[in-house]
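The values are calculated or read from the model by the stated rules, or taken from the named source; none is laboratory data. Predicted, not measured: the structure shown is a model, and the values here were computed from it. Neighbour counts are summed over all protein chains in view; Cβ atoms, including those assigned to glycine, are modelled from backbone coordinates with ideal geometry.
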Amino acid sequence: MATNPYRPGPGLPPSVLAGREAALQEARLAADAVASGLGTAPLVYFGLRGVGKTVLIRAIARELERNRFFPLIIEAEKGRAFSRTFTEVVGQRIDDFAALGTQVGRGAKRLLGVLPTVSFDLPNETGSISLARAKIDENPNVKSLVDSLTELNAELSRARRPLLIAVDEAQEADLATLRAVLRVVHASMGTERAILGIFAGTPTLRAHLGRAHTYAERFSFSELTMLDTEDTRRALVVPAEQYDTQFTSEALERLVNVTSGYPYFVQLYGAYSWQTHQNHIIETRDVESAIPLVEEKLDAGFYRVRLDRLSPREVAYVMALGSLGPGIHGVSEVAARLGRSVRDVSSVRNRLIEKGMLYSPLPGAIAFSVPLFERFIERHRTELERVLVTEPYDRRKSNYRLAPGAPGKSLEPTLRPARAEFKARAKRLRNETQGRIVAESAALIREARDER
Ligand SMILES: Nc1ncnc2c1ncn2[C@@H]1O[C@H](COP(=O)(O)OP(=O)(O)OP(=O)(O)O)[C@@H](O)[C@H]1O
Ligand SMILES: [Mg+2]
């Protein structure tokens, strides 16, 4: 069988980048403005996990590099100083900088000098070498960083190579370093050395950039969403066509439906449906046999790893949110499902936001950061409820305590009424109408749309 033409996985470039023509066009216009010395506001792409942010910014960088831009793509990481990641990227490109001339090479080295680096002290002891770790996670002096990045940009501009700084997962970049980068980009506007800044990340990125610099108000924000029906079809059909393979129309519609147009799911369901096809035709039976395999894979990995990081209380919160159906919901609605006040559950909600599980698209509203998480919850509702019966939402009120002789830390309810009460509550939750959206959350959704 021919090679599988689908590319499921973080950052894996799809054979066709469907539905992103407008974003690519916007980047071309921005690049023209920069190259002609006008400058432009940085571009920001935000969206849920797996929606295609990384592949989009890499595609933009590749295209602009062919038009003389010098791209620096830096992916920020949770819990790691952004300045350190920045150093690594500049370090890896040092030969590319040097190839543009001595001055550019020197500029890059100076920049490396102000960023914290991994260095080791080698004491003068014969026979043994002990390596002491230098202070690698310190933030650099912001002023020196601003000065040397500005100088490097000036050298690149003399070599007629406009700088493109693309920061992926930018919501993880520490504010001090991010602020320095934004200052340099901002100051370059309206000069002949304008820098093109591109930032990509989860929906919390907007607020993060706002905290880093007031200039962020003027950035050009675009939300990357799921692909529409036509683009989903194209994302499925074009890769198969490269191997003279077609979908039956029924198989294609089933895939459009089951993927909901989420790019990662399009690749994943496409890849599994491909595996069983014969005679250059992908039929409904190929798709039907792929569905349980993909769900199993997603449930065991993509969704499960996120769920495993949650405490039982957090699980109760995500179950309540999931029971409200897809999309954005009011925080008061979720609290009501839990039989609590908004205030009671605010700390749990904040922890879920910190863990990257949820995000708040606007004040008073909450949603999953991972696409179709509510479907995962539905598939595993019974199992999840069992976890919660073992340790219900509010342990203080339930009088649960460790049963005498209970092994390890397992909590065994010793008070039956508490369990009965929780079960009744769980049953109420199940029975309530799934798709009901209260006026408040409907208004929130409208507002969110208007804002976009
Ligand atoms: N426009 C597109 N058309 C078809 N497939 C796409 C498109 N964009 C992304 N994909 C596919 O979706 C998957 C996820 O892409 P990518 O890693 O860029 O998403 P992401 O938004 O950066 O995710 P994360 O938030 O996890 O970093 C990859 O398998 C990629 O091939
Ligand atoms: Mg990514």
Residue list for segment 189-221, restricted to those being out of contact with any helix residue (DSSP H, G or I) (no Cβ under 6 Å at 6 or more places or on another chain) and among the small types (Gly, Ala, Ser): Gly190, Ala207, Ser220
In segment 1-14, residues that are away from ligand 2 (no atom under 16 Å from the Cβ) and either modelled with pLDDT of 95 or more or in contact with an Asp or Glu (Cβ under 7 Å, 6 or more places away or on another chain) (or both) total 3
Out of contact with any helix residue (DSSP H, G or I) (no Cβ under 6 Å at 6 or more places or on another chain), closer than 25 Å to Ala235 by Cβ and away from ligand 1 (no atom under 16 Å from the Cβ): which single residue out of Glu88, Glu65 fits that description? Glu65
Looking at Gly101, Gly52, Gly39, Gly47 in this structure, which one is within 16 Å of ligand 1 (Cβ to nearest atom), out of contact with any strand residue (DSSP E or B) (no Cβ under 8 Å at 6 or more places or on another chain), of a type outside the set (Asp, Glu) and not assigned by TED's automatic domain parsing to the domain that holds Pro361? Gly52
May I ask you to say which residue of Ala173, Ala216, Ala200 is over 20 Å from Arg58 (Cα atoms) and of a type in the set (Gly, Ala, Ser)? Ala216
Kindly establish whether Asp244 is over 18 Å from the mean Cα position of the chain (by Cα), on the phi > 0 side of the Ramachandran plot, surrounded by fewer than 22 Cβ atoms within 10 Å (Cβ to Cβ) and at pLDDT 95 or above. yes
Filtered residues of segment 166-178 (kept if part of a helix (DSSP H, G or I) and either surrounded by 19 or more Cβ atoms within 10 Å (Cβ to Cβ) or within 16 Å of ligand 2 (Cβ to nearest atom) (or both)): Ala170, Gln171, Glu172, Thr177, Leu178
One residue is enough: does segment 61-76 have a residue meeting the conditions among the polar types (S, T, N, Q) and either at pLDDT 95 or above or surrounded by 14 or more Cβ atoms within 10 Å (Cβ to Cβ) (or both)? no
Here is a list of conditions, (1) under 17 Å from the mean Cα position of the chain (by Cα); (2) in a helix (DSSP H, G or I), and Phe199 meets all of them except one; can you say which number that is? (2)
Taking segment 36-49 as the search range and keeping residues that are under 17 Å from Ala170 (Cβ atoms) and either among the β-branched types (Val, Ile, Thr) or surrounded by fewer than 21 Cβ atoms within 10 Å (Cβ to Cβ) (or both), which one is nearest to ligand 2 (Cβ to nearest atom)? Arg49
Looking at segment 160-189, I want the residues that are without any contact (Cβ under 8 Å) to a residue 40 or more places away in the chain and have a partner that is in a helix (DSSP H, G or I) and within 16 Å of ligand 1 (Cβ to nearest atom) with Cβ atoms under 8 Å, at least 6 apart or on another chain. Which pairs are those? Leu175/His208
Across segment 263-304, the tally of residues that are surrounded by fewer than 20 Cβ atoms within 10 Å (Cβ to Cβ), small (Gly, Ala, Ser) and within 29 Å of Leu384 (Cα to Cα) stands at 3
When residues of segment 181-202 are limited to those that are away from ligand 2 (no atom under 16 Å from the Cβ) and among the β-branched types (Val, Ile, Thr), the one surrounded by the most Cβ atoms within 10 Å (Cβ to Cβ): Ile195
Identify, please: which residue in segment 68-85 is in contact with a helix residue (DSSP H, G or I) (Cβ under 7 Å, 6 or more places away or on another chain) and among the β-branched types (Val, Ile, Thr) and is, among those, nearest to ligand 1 (Cβ to nearest atom)? Ile73
Which of the residues spanning segment 64-91 are assigned to a helix (DSSP H, G or I) and more than 20 Å from Leu196 (Cβ to Cβ)? Ser83, Arg84, Thr87, Glu88, Gly91
